[in-house]
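Taking it in order: structure first as structure tokens, then the write-up.
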Amino acid sequence: MTDSNTDYVIIVAGGRGLRMGSDVPKQFLPIGGRPVLMRTMERFREYSSALHIVLVLPRDQQDYWRKLCADHDFGVDYQLADGGETRFHSVRNGLSLIPADAVGVVGVHDGVRPFPSPEVIGRCYDEARRTGAAVPVVPVVETLRHVTDGTVPRGDYRLVQTPQTFDIALLRRAYEQDYTDAFTDDASVVEALGHAVTLVEGNRENIKITTPWDLKVAEATLHTV
């Protein structure tokens, strides 16, 4: 039997680095001499030594990842799942490694977001324990303009981050649905079941690294978080 209230995080890292202009997938590029993905996983281990980590990687990247782990003496424990055709299918593969009788909260996090604060991670897990579903968000600080309708009130919008956190049974039911293009993130999959998602305060440093500029910002951020 699985222990009660066992929490998990599924870290999805399937990028190819095309917008980076690099032959190396973006999750393996270094920040301060250490791969982005390692820093991401270490942040969750900093939050909790008991958290079960499931890493989802494309099969053709797994040998390279294992070599990086050996080269950097990487010691964070995790389970490894194969990446799928889309992010939706990758998360579903990660969920398949969580025992069927598991009770607790599961987070889903982008492998190229190395700076979620432990406080934000904790808020997400705590809120999901209360309401079943929570996502971190930050305010929009720049003016927003609709392409055809002009400026819109930025106070009505938030930027969505990860980890997006859910009751394990709820997320499992959500991912039993057939895939559609409307599923842009895990919250949208859960909302398709009719379950509301609670917004919690995120942290501005929790950027998603997708371009060379993001990598420069991450290098600078590393010394402030």
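The values are calculated or read from the model by the stated rules, or taken from the named source; none is laboratory data. Worth saying up front: this structure is predicted, and the values here are computed from it rather than measured. Note that we place each Cβ from the backbone using ideal geometry, even for glycine, and neighbour counts take in every protein chain shown. Remember, those area values only see protein heavy atoms, side chains included, never the ligands or the DNA or RNA. Shrake-Rupley method; radii C 1.70, N 1.55, O 1.52, S 1.80 Å.
General remarks:
- Screening Phe115 on (1) over 16 Å from Asp7 (Cα atoms); (2) part of a strand (DSSP E or B); (3) not β-branched (Val, Ile, Thr) shows it passes everything except condition (2).
- Filter pass, Arg43 being under 20 Å from Lys208 (Cβ atoms), of a type in the set (D, E, K, R), within 12 Å of the chain's Cα centre (by Cα) and open to solvent by less than 60 Å² (accessible area, probe 1.4 Å): yes
- Pair list, Cβ < 6 Å and 6+ apart or interchain, from the stretch 110-124 residues that are surrounded by fewer than 24 Cβ atoms within 10 Å (Cβ to Cβ) to residues that are assigned to a strand (DSSP E or B): Val120/Pro136; Arg123/Val200
- Tally, over the stretch 90-112, of residues that are among the hydroxyl-bearing types (Ser, Thr, Tyr) and part of a helix (DSSP H, G or I): 1
- Conditions (1) open to solvent by 10 Å² or more (accessible area, probe 1.4 Å); (2) small (Gly, Ala, Ser); (3) under 21 Å from Val24 (Cβ atoms): number failed by Ala100: (3)
- Among the residues listed as Arg39, Arg43, Arg66, the single one being basic (Lys, Arg) and out of contact with any Pro (no Cβ under 9 Å at 6 or more places or on another chain): Arg66
- For beta carbons closer than 9 Å, sequence separation of 6+ or different chains, a first residue in the stretch 139-161 that is touching a residue at least 12 places away in the same chain (Cβ under 8 Å) and a second that is part of a helix (DSSP H, G or I) and open to solvent by less than 70 Å² (accessible area, probe 1.4 Å), the qualifying pairs are Pro139/Gly155; Val140/Gly155; Val160/Ala187; Gln161/Val120.
- At least 3 residues being open to solvent by less than 40 Å² (accessible area, probe 1.4 Å) and within 24 Å of His52 (Cβ to Cβ) is the threshold, and among the helices (runs of 4 or more DSSP H) wholly inside the stretch 132-225 those reaching it are 168-174, 186-191.
Conditions tested, residue by residue: (1) of a type in the set (Val, Ile, Thr); (2) closer than 19 Å to Ile209 by Cβ; (3) assigned to a loop (DSSP other than H, G, I, E, B).
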| residue | (1), (2), (3) |
| --- | --- |
| Trp65 | no, yes, no |
| Ala70 | no, no, no |
| Val120 | yes, yes, no |
| Tyr125 | no, no, no |
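- Gly84 vs. criteria in a loop (DSSP other than H, G, I, E, B) and under 16 Å from the mean Cα position of the chain (by Cα): yes
Residue by residue, here is whether (1) modelled with pLDDT under 95; (2) outside any helix (DSSP H, G or I); (3) buried (at least 16 other Cβ atoms within 10 Å of the Cβ) holds:
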{"residue": "Asn5", "(1), (2), (3)": "yes, yes, no"}
{"residue": "Gly15", "(1), (2), (3)": "yes, yes, yes"}
{"residue": "Leu18", "(1), (2), (3)": "yes, yes, no"}
{"residue": "Leu37", "(1), (2), (3)": "no, no, yes"}
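- Residue check, Leu159 of a type in the set (A, V, I, L, M, F, W, C), more than 28 Å from Pro99 (Cα to Cα) and in contact with a strand residue (DSSP E or B) (Cβ under 6 Å, 6 or more places away or on another chain): yes
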